[in-house]
1. With the Cα gyration tensor of the range 1-86 giving a ≥ b ≥ c as the square roots of its eigenvalues, does the rule (a/c under 1.5 for rounded; else a/b larger than b/c for prolate; else oblate) give rounded, prolate or oblate?
2. Taking Cα atoms, how many degrees apart are the long axis of helix 117-146 and the longest axis of the chain, rounded to 10 and kept between 0 and 90?
3. Return the label of the correct value of Cα extents along the principal axes in Å, as calculated from the structure shown, out of (1) 39, 35, 28; (2) 57, 35, 25; (3) 49, 31, 30.
4. How much area per residue is accessible in the chain when the probe is 1.4 Å and only protein heavy atoms are counted (Å²)?
5. Once you order the gyration tensor axes a ≥ b ≥ c over the Cα atoms, which shape class does the range 48-101 get: rounded for a/c under 1.5, otherwise prolate or oblate by comparing a/b with b/c?
6. With labels modelled as points extended 7 Å from the Cα through the Cβ direction, what inter-label distance (nm, one decimal) is found for residue 144 paired with residue 38?
7. Just from its helices, what would the mean residue ellipticity at 222 nm be for the chain, if runs of 4 or more DSSP H residues each count -39500 (n - 2.57) and the sum is divided by every residue, rounded to the nearest 500 deg cm²/dmol?
8. Placing unit charges on C-beta atoms (Lys and Arg positive, Asp and Glu negative, everything else neutral), compute the dipole magnitude of the chain about its Cα centre in debye, rounded to 20.
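The values are calculated or read from the model by the stated rules, or taken from the named source; none is laboratory data. A quick note: this is a predicted structure, and the numbers were derived from the prediction, not measured. As a convention, Cβ positions derive from the backbone with ideal geometry for all residues, glycine included, and neighbour counts pool all protein chains shown. Surface accessibility is based on the protein's heavy atoms, side chains included, excluding ligands, DNA and RNA. Shrake-Rupley method; radii C 1.70, N 1.55, O 1.52, S 1.80 Å.
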Amino acid sequence: MPKFETTRRVPYTPQQMYQVVADVEAYPQFLPLCEALHVESREVAGDKTTIIATMSVGYKTIRESFRTRVTLAPGEPAILVEYLDGPFKRLENRWRFLPAATGSDVHFFIDYEFRSVMLSVLMGALFDKAFRRFSEAFEDRARTVYGPVQPARA
């Protein structure tokens, strides 16, 4: 029953980081293990958007796909990812983006469990390592999208 949680201070605004994480179609370009992502549907209700997406992940000869419901809440700003179908028994992922003096604090939480013990043994350590690199991967993506942040001049 792996669980991982971290908060990372980044030099980008909460809105900039929210936009980077909300851009799920770009994940295959920069996210560890993500080989493809297909958005099946997108619905807007009030200030929230719900996306149903299938992500394909892989490493060497191992490939898996899973479906999730992604709820984008730009006003909070927060993102909730809920598991729908695939190789997990459960998967929940939450993002929060909070203002900080020098940018923002990006809070990342994930709790998951594979359905199969064998898959857990094969992929568990790999997923754990990848999830620990997610925050860094999103910060690197923000740098690509928004450019490097220049230090303030006195």
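1. Values: a/c = 1.77, a/b = 1.27, b/c = 1.39.
Verdict is oblate for the range 1-86.
2. Rounded to the nearest ten degrees, it is 20.
3. Working out Cα extents along the principal axes in Å from the coordinates points to (2).
4. Each residue of the chain exposes 56 Å² on average to a 1.4 Å probe.
5. Since a/c reaches 1.5 and a/b is larger than b/c, the shape of the range 48-101 is classed as prolate.
6. Distance between the two pseudo-spin positions: 2.3 nm.
7. On the way: 3 runs with 43 residues, N = 154.
So the helix-based figure for the chain works out to -9000 deg cm²/dmol.
8. Working: 20 positive and 19 negative charges, 72 e Å.
Approximately 340 debye in magnitude.
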